[in-house]
1. Can you find, within the range B:307-327, the residue that is farthest from residue B:226 (Cα to Cα) among those that are at pLDDT below 90 and surrounded by 17 or more Cβ atoms within 10 Å (Cβ to Cβ)?
2. Being surrounded by 13 or more Cβ atoms within 10 Å (Cβ to Cβ), more than 24 Å from the chain's Cα centre (by Cα), more than 14 Å from chain A (Cβ to nearest Cβ) and assigned to a loop (DSSP other than H, G, I, E, B) narrows it down to one residue among B:364, B:286, B:294; which is it?
3. Return yes or no: is residue B:101 more than 30 Å from residue B:189 (Cβ to Cβ) and part of a helix (DSSP H, G or I)?
4. Within the group B:174, B:260, which residue is under 26 Å from the mean Cα position of the chain (by Cα), modelled with pLDDT of 85 or more, farther than 30 Å from residue B:108 by Cβ and not in a helix (DSSP H, G or I)?
5. Take the range B:213-235 and flag every residue that is at the interface with chain A (Cβ under 7 Å from one of its Cβ atoms) and either within 39 Å of the chain's Cα centre (by Cα) or at positive phi (or both).
6. Please give the number of the condition residue A:71 fails out of (1) under 27 Å from residue A:169 (Cα atoms); (2) touching a residue at least 12 places away in the same chain (Cβ under 8 Å).
7. Testing residue B:260 on (1) crowded, with 22+ Cβ neighbours inside 10 Å; (2) over 17 Å from residue B:365 (Cβ atoms), one condition comes back false. Which one is that?
């Protein structure tokens, strides 16, 4: 197992991570360093490279150059793969299976003990507010409900590092508040959460925010630091301000 | 490779099918329909073929061999003798009926037929006795049925009268005694149904899996590419097996199909074929961008298999130029293996080559599918 030079305390470390599709540079020499127990928000418009970065970290895409380490193991990770959870942007759950069957599938792929799974499932169904829809087919659920099932599938095995691509899309405001409370609880218990979001107002709840544009990290810091740096009142204005400084 | 993860993937695929009642109905009804339609269409012998007879034979009624042959023909139902013309009617009106396609054939017994037969069978005739048949040759099956029926009747009548035939061929059947055409093609239909369904299920499921990003999600878990491929193979191989059981049960109940050997060995052949074909579907799913493109592969795989693999007619009937293609089609070996088990009653010793080739095909497909998935990362 190859170790990062960046120290054991880092959940994520990237060195000049780059992804090219022909002449298009989707991620441009990205340097990231995210400590364990951090709630990290990656914000930016469509095509800014957020999803590509997450896919490279999860091991679904090979980097064109540079390298990345997750929990000290170079990607694509093998030894630590059971310690990460991934929720893709486009739901990616089996609509022809029930909520329970989806959760059970992922639990079995992570070789979870049946009793541990039962408790974990009960807890997660409460978090995503779908206890009474446990045996419903996913195809019979609304878009928002499906999104919640997708989140539960990523968390079923209680991973140490979670990559959540747009976890709050399609979730009603009340439940979204519940989600953020849950993310904070995860962080408090030492878990690392890396999420992408379009809702910049939500990102203020993160410990650290990375602003991406055209494959580059144009700003990184706590929400307060980013607003102070740009002398703005909210993260959206901060993003617009930083975007102007970096030519397209 | 962890068995629990292979089983998890297989269970997922089988559960998906379980919730989709229409697909389950299709999987059961399709093979049932196939064997029933094929069985009733091709399984029965040709019956009630409309023919006329012109009997010009002048021999007295009690001695006439032509009358005996006609009576023999009438005692069975292959030919339906609509009219029997005599000397006063002549041949022409009956021949016109064939030209108008009102009847299939006219059988003509010449004037001295009985005396010619007597002379020829005594070894004194310079020429054999002849029966003329004016026949509509548009359907080779009908032509062959009329000829066979006539020969059967002639042999039976000559035998009854202890008249000698110059040459008698006595076939001593080593295998397939009393085998009918349906016994020949039932194993082929089993293979064909299993091949079609496993290929179709696999290619469509996997194209969907790629399109819906569930594959990405699976690959972000500890499950390996090999385990995904094995899980798919297990699930769809089982589906092929269940289908074969449906076909074989229907074939026995409806058509009393011949099974001399071990039926489990025949099912093993089907299972290996199913695994190989789902692997092929898996592999080709990488080229298809959506379900619509995936389904386009079906005729490409299906037609050569139906026409060249010996399902409905022997490989020997395939033109020499195309015959090498037959030997590249896995279904050829599956059909040959199953026939050897079901009709010849052979065991593993007799079909080891077919088992070996099918197993090699299945392994190659699974390995290539796994490699294809690994390359995707």
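1. Checking each candidate, the answer is B:318.
2. Values: B:364 fails: assigned to a loop (DSSP other than H, G, I, E, B); B:294 fails: assigned to a loop (DSSP other than H, G, I, E, B).
So the residue among B:364, B:286, B:294 that is surrounded by 13 or more Cβ atoms within 10 Å (Cβ to Cβ), more than 24 Å from the chain's Cα centre (by Cα), more than 14 Å from chain A (Cβ to nearest Cβ) and assigned to a loop (DSSP other than H, G, I, E, B) is B:286.
3. On the way: more than 30 Å from residue B:189 (Cβ to Cβ): yes; part of a helix (DSSP H, G or I): no.
Taking the combined requirement at face value, the residue does not satisfy it.
4. Selected residue: B:260, the only one of B:174, B:260 that is under 26 Å from the mean Cα position of the chain (by Cα), modelled with pLDDT of 85 or more, farther than 30 Å from residue B:108 by Cβ and not in a helix (DSSP H, G or I).
5. Of everything in the range B:213-235, just one residue is at the interface with chain A (Cβ under 7 Å from one of its Cβ atoms) and either within 39 Å of the chain's Cα centre (by Cα) or at positive phi (or both), namely B:213.
6. Evaluating residue A:71 over (1) under 27 Å from residue A:169 (Cα atoms); (2) touching a residue at least 12 places away in the same chain (Cβ under 8 Å) leaves (1) as the failure.
7. Result: residue B:260 fails condition (1) only.
Yes or no, residue by residue, for (1) within 20 Å of residue B:7 (Cβ to Cβ); (2) touching a helix residue (DSSP H, G or I) at 6+ places or on another chain (Cβ under 6 Å):
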{"residue": "A:91", "(1), (2)": "no, yes"}
{"residue": "A:103", "(1), (2)": "yes, yes"}
{"residue": "A:112", "(1), (2)": "yes, no"}
{"residue": "A:134", "(1), (2)": "no, yes"}
{"residue": "A:144", "(1), (2)": "no, no"}
{"residue": "A:163", "(1), (2)": "no, yes"}
{"residue": "A:166", "(1), (2)": "no, no"}
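The values are calculated or read from the model by the stated rules, or taken from the named source; none is laboratory data. The shown structure was predicted, so the numbers you read here are calculated from the model rather than taken from an experiment. Reconstructed Cβ throughout: ideal geometry from the backbone, glycine too, with neighbour counts over all protein chains shown.
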